[in-house]
1. Say R0 is 41 Å: what FRET efficiency, to the nearest 0.05, do Arg54 and Val74 get from their beta-carbon distance?
2. Hey, any idea what % of region 280-350's accessible area is carbon plus sulfur with a 1.4 Å probe?
3. Using only protein heavy atoms and a 1.4 Å probe, report how much of Lys335 is accessible, in Å² to the nearest 10.
4. Quick one: compute the contact order of region 372-469, relative version, from alpha carbon pairs under 8 angstrom and 6+ residues apart, as a percent.
5. Applying a 10 Å radius around every beta-carbon, put 184-194, 304-314 in order of their mean neighbour count, most first.
6. Could you calculate the FRET efficiency of Ser227 with Ala64 from 1/(1 + (r/R0)^6), where r is the beta carbon distance between them and R0 is 60 Å, rounded to 0.05?
7. Quote the relative contact order of region 432-522 in percent (integer), defining contacts as alpha-carbon pairs under 8 Å separated by 6+ residues.
8. Can you run phi through the Karplus equation (6.51, -1.76, 1.60; θ = phi - 60°) for region 175-187 and list ³J(HN,Hα) in whole Hz, with x for Gly and Pro?
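The values are calculated or read from the model by the stated rules, or taken from the named source; none is laboratory data. Keep in mind it's a predicted model, so treat the numbers as computed, not measured. Ideal geometry is used to build each Cβ from the backbone, glycine not excepted, and the neighbour counts take in all protein chains shown. Surface accessibility is based on the protein's heavy atoms, side chains included, excluding ligands, DNA and RNA. Shrake-Rupley method; radii C 1.70, N 1.55, O 1.52, S 1.80 Å.
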Amino acid sequence: MPVGLFRVCLLVITAIVNHPLFFPKENDTVPENTEEIIQKMKEREESLRLEQLRLEQEIADQEATQKALEKAAVLVEESKEEKVRWDMWTALSMVIFLLIELWRQDFQEGNWQDIGGEEDDMAVLGKAFKGVALPDKAVLASFYEKRILGTTGDMARMREMVEGFADDLLEALRSVCNRDADMEVEDCMGVGSMYENWRVRKPFVCDLIVPFAPPEPYCFRCQTWCSGDSFPPDEQGYGTIKVCRADEDATGCICDKTKLGEDMLCLLHSQVSSTRPSSEMEDLLCFKNTQYLDADQVMKWFQIAVTKAWNRISHKYEFDLSFSLLDSPGALKIKFKSGKSIAFNLTPVVQYENSDVYFISHFPWSSLATDAPSSTHWFLTFAVYERRFIQLVSKTLPANACHVSCLQILSFLHGKQCSLTGPSGLTNYHLKTVLLHLLQARPSQDWAPEKLEARLQDMLKFLEKCLQEKKLYHFFIGNGNVPAELGFPIIFQRAEPLNLFRPFVLRRDIYRKMVDTFHEMLRNMSALINEYTVHIPLAHTNGIRKEPL
C-alpha cells in the first residue's frame, strides 16, 4: 500500500514539473528559432539546387563533348575503312580488268588456232606436226649443191665490182661537197647477207653503209634508249643525235638556259657563238627549230649529193645509174646496155662513239625496224658486229661446217613460201638471229657437215618456240656472253634484252600471218626441196632414217 501510494505521488509531481506553464519564456522563443531554421534550410536548399543544376550542366557539357569526340573518332575510322575498301576495290577491279583482257586475247587467239577442235598449232615441233619430216641427208645435200651453191658462185665478183664503183662514187661525192659546210663522208662498209655469204635469193643486192660526220667545229652527241634517260617501250632500240659545237659541253652551257642581263657576258661563249639561227641548224640537216639530226633531211641531202657525184663521173662508165626505189633514197641500180642490172643499197649512217655500232635512218634490206617514232629517232644497227661474230665463230668450227648451209636452206624455203602465200612479218634477219643464238649455245663439234639435218631441226624448233612465246631477243642487246674479242660496247650488254617480236604482240593480224606462213612452210618443206633436187637412187637412201620434226 505505501509503495503504491508513493508511486502515485511521484507521477503527480513529475507531471507538475513538466507542465509548460512552468517555463513560459523558453516556450516563447521556439517559434522564432523555427522560422529562422526553416529560412536557412530553404536558402541552403536553393543553393544546393543551383549547385546541382550547375553540376548537371557541366556533366551534360562533358557528355556532349565526349560524344562529339567519339563521333569524330568513329567518322575517322569509317573514312579509313572506306579508303581501304576503295583501294581494295580499285586494285581488285584492275586485276579483274587485266584478267578479262588477257582472257579476251587468248580467246581470240584460240579462235583461229583451234578451229574445228584441232590440236593447238603452237605446240612444239613433233607434236603439232607429227607427220612432217625433214628430207634425208642425201636429199638435203643434193638440194644444197644444186640450188644453193649453183646460184651463189658469182657473188664474190659482184661484191668486188659494187665496192669499186661505190668507192669511186663517194670520192666524187666528196669533191662536189663544200668541205666547210657539208657533211664529211667516210669510206663505205659492206654488211648483211651478201658479205656474210648466206644470201640465196635473187636478185643479189649488196648493202653498203656510209658513215658521215658534221663539218668543223660541230660534232655529233649520240644518246640511246639505254644511256640512262627513260625511253617509252616503242622507242627501245632507237636513239637521237644532237648536233653540237665541239667546244660545247654535252649538257649545254648555262648561258643557253638562263637569261643573262645586258651587263653580263658568258666567259665561255661570246654573243656570236652562243646564238645559233634556225637556218644554220637546218643547214646541218637538223629538224626544224631543234639541234637533233633529221633522218629525212639526211636522206634528201645524200640523194642530191649522189646525183651530183654521178653527173661528174658518168662519162667514165658505159652504164647508167638510177634510184630504184622511191621510198629508199639509197637504193641504186646499175643498168648495162645489154639489159642486165645490178642493185645495191648505199645508206648513210652515224657512228656511235668509238664503236662499230651505227645509227641508221632506215633498213633498205628488210622490214626489221618498224616505223620510227619521229624523223629524229634513229635505229641502231649491229650489222658489223654480227658479221665479225660469224667470222670469229667460224674459225672454231669443223671444216665445211653446216651453220651457213642451215641459214641458206631456211632462208630459201621461207622466201619460196612467201612467194606462194604472200609476205609475212618474219624476215631473214629473224632467221639469222636464231642462228646466232644457236651458234653461241651449241658446242663447235655439233656443226659438223654431217649434222646438217639435226641443226636444221634445231633452228626450226627454236624459231617455233619463239613464235609461241612471242619472244625473239636481239642477239647482242642484253647478252653478257658476247666474246671479248669483238670489243662490243658494255652499255648494250648491260641493257634490257630487246624483243624483236614485240611489234607483233600489238599487231595480231601480222602475227597470225607470220605463224601461218611458218606452218605452211613446214608442211610444204619436202615438196619445195624435192622440186629443186635431182633424182636420187633409192639405194643411196637405204639405211637413212628420217627424223620427224
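1. That pair, Arg54 with Val74, gives E of 0.85.
2. Values: 1930 of 3880 Å².
Of all accessible area on region 280-350, carbon and sulfur atoms account for 50 percent.
3. Accessible surface of Lys335 is approximately 100 Å².
4. 39 percent
5. Result, highest mean Cβ count within 10 Å first: 184-194, 304-314.
6. Values: r = 66 Å, r/R0 = 1.10.
E(calc), rounded to 0.05, equals 0.35.
7. On the way: 61 pairs, mean separation 21.8, N = 91.
Answer for region 432-522 is 24 percent.
8. After applying 6.51 cos²θ - 1.76 cosθ + 1.60, I find 6, 8, 8, 7, 5, 8, 10, 8, 5, 9, 9, 9, 6 Hz.
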